[in-house]
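S.K.: Sharing a structure, written as C-alpha cells. Questions coming.
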Amino acid sequence: MRLDLNLLVVIEAIMLERNVTRAAASLAMSQPAVSNALRRARKLTRDQLFLKVADGVQPTSRMLAIWPELHHSLAVIRASIAPENFDPRSDPTSFRIAVTDSLASEAVTGIALKLRAMAPYARVAFTFHTNTTSLDGIERGTLDCAVGMFPALPRGIHVQGLRTDHYVCVMRREHALERGMTLDQFVAASHMLVTPSGMDLGAVDGWLSLHGRTRMIVTVVNHFADALRIVAQSDLLTCVPSGFINGPDHRFAAQHELVVRSLPFETEKLVYKLVWHERLHTHPAHQWFRSLVAGVCGIPGETTQPSATTSPS
C-alpha cells in the first residue's frame, strides 16, 4: 500500500490530542474524515494504533514504538519546507508556551502585549506550568517552549538561562518573627508551601534537609499570589522568589505591609530557564518568538548561560 503522508499527520494529531474530536478540530477536518483516515492507517500498519478510553483514546504499544521517529520525521519535513525568513508583521504563526507561576504575572502580560505589537497576526496560547507537564508537552509537541527552573532536562532539549533569583521568607506585619529569626524559629513556625505540582515538598525543604531539618507545612497552594493573600491574614510564613515579591505584585505586598526576611540558612540560586525541543531549534518563527520571550523574561545586563542541548539526565 502506498504511504499517504496525510495519514501520518492525522495520526500525529490524534497522538498529541489523545482525542479524535479534538484532533479533527486542530486539523480543520470533520470527525468522520479523521476517523476514516485512522481506519486507513490501521490497515496500513496492521495495528489498532489507538484504543478507546473514557476521555478519548490511548496509544497502543505499536503506536508508542513508532511515535518518536514519526513525530521527528514530520517535524523535519515541516522545517525543510518552511519559509527561510519569518516576517512577524504578516505571518499568522501560532505559539504555545508555559510560564512558571512566579514569573507569570510579569511574563504573560509582557509576552502577549509585545507579540500583539510586533506580530499582529500571530497567536499565543499560555498553559499551566510544572516541570513535568512542560517537559512532557515539549516532548509530545503540544508545547513549543517553556519558562521554568527545570533541575534536570532530557536529551534533545535546548536550554537558555534567563535570570537568577533567590528565595525569601514573607510574613504579615507584627508577626512574632518580624524582627528576625533563627533556624530553630523558622522550622518551628507554621508554613505555607507554594507548588504548582501539588507536591508536599519544595526547594526550600531540600535545602533544609541538608541541615538535617524539616519545617511544618500546614497549607499547600498552587499560586504565589494566593500565598501572599493568605499570609497577609494569618500567622503563616511562606517562601517566595524575591523577584516575585518585588515584581508586579509589590503593590499588594506594600498595601498589606508584608514583611520580607532572608532565610536563616544557606540556599542556592534559582535559575530561570527557557527550554525547547531540537525539532524547533532552527525554525525561523520560533527562533524569533524565543528571542521575544527571552527579552521579556530576562534581566538586561545579567549574565546567563548560553543556549545548549542537554545530555541525558
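S.K.: Could you please find all residues in region 221-268 being free of Cβ contacts under 8 Å to residues at least 24 places away in the same chain and of a type in the set (S, T, N, Q)?
M.R.: ASN246, GLN255
S.K.: Right, next: Modelled with pLDDT of 90 or more, within 26 Å of GLY247 (Cα to Cα) and basic (Lys, Arg): is that true of ARG116 in this structure? Lay out the reasoning, then the answer.
M.R.: Values: modelled with pLDDT of 90 or more: yes; within 26 Å of GLY247 (Cα to Cα): yes; basic (Lys, Arg): yes.
For ARG116, the condition - modelled with pLDDT of 90 or more, within 26 Å of GLY247 (Cα to Cα) and basic (Lys, Arg) - is met.
S.K.: Turning to a different aspect of this structure: With the structure loaded, tell me whether ILE230 is closer than 28 Å to ALA146 by Cβ, crowded, with 17+ Cβ neighbours inside 10 Å and out of contact with any Pro (no Cβ under 6 Å at 6 or more places or on another chain) or whether it fails that test.
M.R.: Details: closer than 28 Å to ALA146 by Cβ: yes; crowded, with 17+ Cβ neighbours inside 10 Å: no; out of contact with any Pro (no Cβ under 6 Å at 6 or more places or on another chain): yes.
The answer is no for ILE230.
S.K.: Scan region 43-66 for residues that are touching a residue at least 24 places away in the same chain (Cβ under 8 Å), in contact with a Phe, Trp or Tyr (Cβ under 8 Å, 6 or more places away or on another chain) and over 14 Å from THR21 (Cβ atoms) and report the count. Walk me through how you get there before you give the answer.
M.R.: Restricting attention to region 43-66, the residues satisfying the condition of being touching a residue at least 24 places away in the same chain (Cβ under 8 Å) are 43-44, 49-50, 55-59, 63.
In the following step, the residues that additionally are in contact with a Phe, Trp or Tyr (Cβ under 8 Å, 6 or more places away or on another chain) were identified as 57-59, 63.
Those left that are additionally over 14 Å from THR21 (Cβ atoms): 58-59, 63.
Looking only at that region, the number is 3.
S.K.: Answer with yes or no whether SER190 is over 30 Å from ALA122 (Cβ atoms), surrounded by 15 or more Cβ atoms within 10 Å (Cβ to Cβ) and touching an Asp or Glu at 6+ places or on another chain (Cβ under 7 Å). Before the answer, list the steps.
M.R.: On the way: over 30 Å from ALA122 (Cβ atoms): yes; surrounded by 15 or more Cβ atoms within 10 Å (Cβ to Cβ): no; touching an Asp or Glu at 6+ places or on another chain (Cβ under 7 Å): yes.
The answer is no for SER190.
S.K.: Moving on to the next point. Report, by residue number, each residue of region 122-146 that is farther than 15 Å from LEU16 by Cα and of a type in the set (A, V, I, L, M, F, W, C).
M.R.: Listed by number, the residues that qualify are ALA122, VAL124, ALA125, PHE126, PHE128, CYS145, ALA146.
S.K.: Also, I was wondering about something else. Among residues belonging to region 129-145 that are in a helix (DSSP H, G or I) and within 8 Å of the chain's Cα centre (by Cα), point out the one that is nearest to GLU69 (Cα to Cα).
M.R.: If we take residues in region 129-145 being in a helix (DSSP H, G or I) and within 8 Å of the chain's Cα centre (by Cα), then LEU135 is nearest to GLU69 (Cα to Cα).
S.K.: Out of all the residues in region 189-198, which are touching a helix residue (DSSP H, G or I) at 6+ places or on another chain (Cβ under 6 Å) and assigned to a strand (DSSP E or B)? Quick ask: steps written out before the conclusion?
M.R.: Taking region 189-198 as the starting set, the residues that turn out to be touching a helix residue (DSSP H, G or I) at 6+ places or on another chain (Cβ under 6 Å) are 192, 194, 196.
Within region 189-198, MET192, VAL194 meet the criteria.
S.K.: In this structure, does ARG279 turn out to be modelled with pLDDT under 85, within 23 Å of VAL170 (Cα to Cα) and not in a loop (DSSP other than H, G, I, E, B)? Write out each step before concluding.
M.R.: On the way: modelled with pLDDT under 85: yes; within 23 Å of VAL170 (Cα to Cα): no; not in a loop (DSSP other than H, G, I, E, B): yes.
It is false that ARG279 is modelled with pLDDT under 85, within 23 Å of VAL170 (Cα to Cα) and not in a loop (DSSP other than H, G, I, E, B).
S.K.: If a residue has to be closer than 21 Å to PHE252 by Cβ, assigned to a strand (DSSP E or B) and either out of contact with any Leu (no Cβ under 7 Å at 6 or more places or on another chain) or among the β-branched types (Val, Ile, Thr) (or both) to count, how many in region 162-188 make the cut?
M.R.: We begin by selecting, within region 162-188, every residue closer than 21 Å to PHE252 by Cβ; these are 165-175, 177-178.
Retained after the next criterion (residues that are assigned to a strand (DSSP E or B)): 165, 167-171.
Those still in the list that are either out of contact with any Leu (no Cβ under 7 Å at 6 or more places or on another chain) or among the β-branched types (Val, Ile, Thr) (or both) too: 168, 170.
Within region 162-188, residues that are closer than 21 Å to PHE252 by Cβ, assigned to a strand (DSSP E or B) and either out of contact with any Leu (no Cβ under 7 Å at 6 or more places or on another chain) or among the β-branched types (Val, Ile, Thr) (or both) number 2.
The values are calculated or read from the model by the stated rules, or taken from the named source; none is laboratory data. This one's a predicted model, so the numbers in the text were calculated from it and none came from an experiment. Note that we place each Cβ from the backbone using ideal geometry, even for glycine, and neighbour counts take in every protein chain shown.
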